[in-house]
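No value in this document is a laboratory result; all are computed from the given coordinates. Owing to the predicted nature of the structure, the values given are computational and were not obtained by experimental measurement. Here the Cβ positions follow ideal geometry from the backbone for every residue, glycine too, while neighbour counts run over all protein chains shown.
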Amino acid sequence: MKYLFSIVITATLLLSACSNNAKEQALIKQQAIAAVKDSLKLDSFKRVEAKKQEDAKIAAQVKEEKRTLLLAERNEAASQPSNNYRNEASAPAKKKGWSEAAKGTAIGAGAGALGGALIDKKKGRGAIIGGVVGAGAGYLIGRDKDRKSGRVQPKN
């Protein structure tokens with residue numbers, strides 16, 4: 001009986017020692033994971049803050065450059081004498097943006113492609129033919145408008 005009793009006590013001690021150690025290791029592991037997650041969050045917050053500061057510096061530099069360019073333009077405009085009478089021989093200022101010919105080409109191509117696809121039984125062929133015809137017609141109409149507005153020199 002003493003022999004059996006000593007085996008039971010030894011087994012109980014071994015099992016209790018193993019289970020406590022496993023619980024402690026699991027607790028330590030959870031704490032380590034939590035610490036790593038916290039450090040990652042903190043690191044990402046630091047990176048975000050650094051990025052915001054960098055963006056603010058860049059924005060301030062851009063604002064300063066715009067201000068100096070504006071002041072330089074004002075000074076340049078003030079130093080040049082203003083001429084209220086326009087010289088007839090000078091060429092008109094070049095216009096920016098799409099020309100009427102480009103707009104007409106784009107609109108004509110789209111409308112022609114749509115019309116061709118609706119009319120022809122073979123949708124692809126009709127769309128291609130209609131797009132080409134529409135683009136050509138739109139270009140001619142837009143080019144005429146450009147000539148009338150002075151963007152393009154008229155033919156002599």
Under the 7 Å Cα-to-Cβ spin-label approximation, Ala32 and Ala60 lie apart by a distance in nanometres of 4.4
Convex hull volume of the Cα atoms in region 101-156, per residue, in Å³?
59
Return the lysines within reach of Lys52: Cα separation strictly under 29 angstrom, same-chain partners fewer than 8 residues apart disregarded; answer none if there are no such residues.
Lys37, Lys41, Lys63, Lys66
10 °C / 1.306 mPa s Stokes-Einstein diffusion coefficient of region 1-79, Kirkwood radius on C-alpha pairs, µm²/s
83
Tell me, what HN-Hα J-couplings in whole Hz come from the Karplus equation 6.51 cos²θ - 1.76 cosθ + 1.60 at θ = phi - 60° for each residue of region 2-9, using x for Gly and Pro?
4, 5, 5, 4, 5, 5, 5, 5
Scalar couplings 3J(HN,Hα) for region 123-129 by Karplus 6.51 cos²θ - 1.76 cosθ + 1.60 (θ = phi - 60°), nearest whole Hz, x for Gly and Pro, are 4, x, 5, x, 5, 5, 5
Extension length gain for Leu69 and Ala102 (0.36 nm per residue less Cα distance), in nm, is 8.6 nm
Using packing as a proxy for protection, rank 124-131, 106-113, 57-64 so that the peptide with the highest average count of other Cβ atoms within 10 Å comes first.
106-113, 124-131, 57-64
